[in-house]
Amino acid sequence: MSKELRLFGYIRVSTKGQIKAPGGIKSQKEMIEKWAKLHKHDLVKVYSDAGVSAIDRRRAFEKMMAALENKETDGVVVTKLDRFGRSVQDLVSHIMAIQNRGQHFISIGDSIDTSTAGGRLYFHILAAFAEFEREIIRERMAAGRKRAEEKGKITHRPRNKLIDPEQLKKLRELYERKVSISALAKIFKVSRPTVLRRLREMGV
């Protein structure tokens, strides 16, 4: 690296049982702290989402990304890519946003460091694979629809459940009262992705 950096750290485990397990919150934090000390970087703050799966709302992650948008540090460091992004596409999207602001992303376990030429090359390869994945999915979906239509099947996607205005109002109220996504899915008898989509549609 060409200079010392001021960085945020981000750590996450998917379940409560993983918090104290090997590779859990404590060990991830220790790895980041040791790495920052070794490379003489200033670790400003470590954000932690404990027991939060990739599909749930990551409140610490959101706070960190907002702070990054305000350019409070030079970037963020994580132990592994899967701690940061929900998918390859989600990961690439967030890292590109960070890079576009002139900040850096470092994944210790994956040897990705966008403050170096080699790290940027690695990331561009990752982004190319993400785009390739999107194209393959689109082609397969189009081919599947075509085959279904040839057999006379209806291919438009049916509207998901939970569309009644009163239900949506209740959903928002419960969510704002800190009811979890999993609990909301059980209450309204729908999947967690459906709950998340409805909340996003309401601008929550």
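For the range 111-116, backbone phi angles converted through the Karplus equation (6.51, -1.76, 1.60; θ = phi - 60°) give residue-by-residue couplings of 6, 9, 8, 6, 8, 10 Hz, Gly and Pro being listed as x. Here the range 81-122 and the range 160-204 have alpha carbon centers that stand 32 Å from each other. Full extension of the chain between Val204 and Ser180 yields a length gain of 7.2 nm, computed as 0.36 nm times the residue separation minus the alpha carbon distance. Between the listed residues Leu121, Ser107, Ser48, the Cα displaced farthest toward the positive end of the dipole of the range 6-124, a dipole computed from Cβ unit charges relative to the Cα centre, is found at Ser48.
Starting from the range 59-90, pick out the GluC sites (Glu not before Pro) whose DSSP state is loop and whose Cβ has at most 14 other Cβ atoms within 10 Å. Don't skip to the end; give the middle numbers.
Numbers: sites: Glu62, Glu69, Glu72; in loops: Glu72.
In loop regions of the range 59-90 (DSSP not H, G, I, E or B), the sparsely surrounded GluC sites (Glu not before Pro) are Glu72.
What is the sum of charges around Asn70, taking Lys and Arg as +1, Asp and Glu as -1, for the other residues whose C-beta is under 15 Å from the C-beta of Asn70? It would help to have the intermediate numbers written out before the result.
Values: positive: Arg6, Lys45, Lys63, Lys71, Arg101; negative: Glu62, Glu69, Glu72, Asp74.
Here the charged neighbours net out to +1.
Indicate the gyration tensor shape class of the range 68-112 (rounded, prolate or oblate), computed on the Cα atoms with a ≥ b ≥ c the square roots of the eigenvalues: a/c under 1.5 is rounded; otherwise a/b larger than b/c is prolate and the rest oblate. It is oblate, given that a/c is not under 1.5 and a/b is not larger than b/c.
Which order do peptides 100-111, 189-200 fall in by mean Cβ count within 10 Å, highest first?
Details: 100-111: 17.6, 189-200: 15.8.
Per-residue Cβ counts within 10 Å, averaged per peptide and sorted highest first, yield 100-111, 189-200.
For the peptides 3-11, 38-46, the ranking by mean Cβ contacts within 10 Å, running from highest to lowest, is 3-11, 38-46.
To one decimal place, what Kirkwood hydrodynamic radius in Å is obtained for the range 6-124 from all pairs of distinct Cα atoms? All intermediate terms of the calculation are to be shown ahead of the outcome.
Working: mean 1/r = 0.0704 Å⁻¹.
Evaluated on the range 6-124, it is 14.2 Å.
Per-residue Karplus couplings for the range 30-36, computed as 6.51 cos²θ - 1.76 cosθ + 1.60 with θ equal to phi - 60°, are listed in order as 4, 4, 5, 5, 5, 4, 4 Hz, Gly and Pro entered as x. A full extension of the chain between Lys169 and Ala60 corresponds to an added length of 36.6 nm, given 0.36 nm per residue minus the alpha carbon distance. Along the positive direction of the dipole of the range 6-124 (beta-carbon charges: Lys, Arg +1; Asp, Glu -1; about the Cα centre), which of Leu68, Ala36, Val88 reaches farthest? The listed residue farthest towards the positive side: Ala36.
Bear in mind that the values in this text are calculations on the coordinates, not laboratory data. Only a predicted model underlies this, so the values are computations on that prediction, with no experimental measurement involved. Don't worry about glycine lacking a Cβ; one is built from the backbone with ideal geometry, like all the others, and counts go over all protein chains shown.
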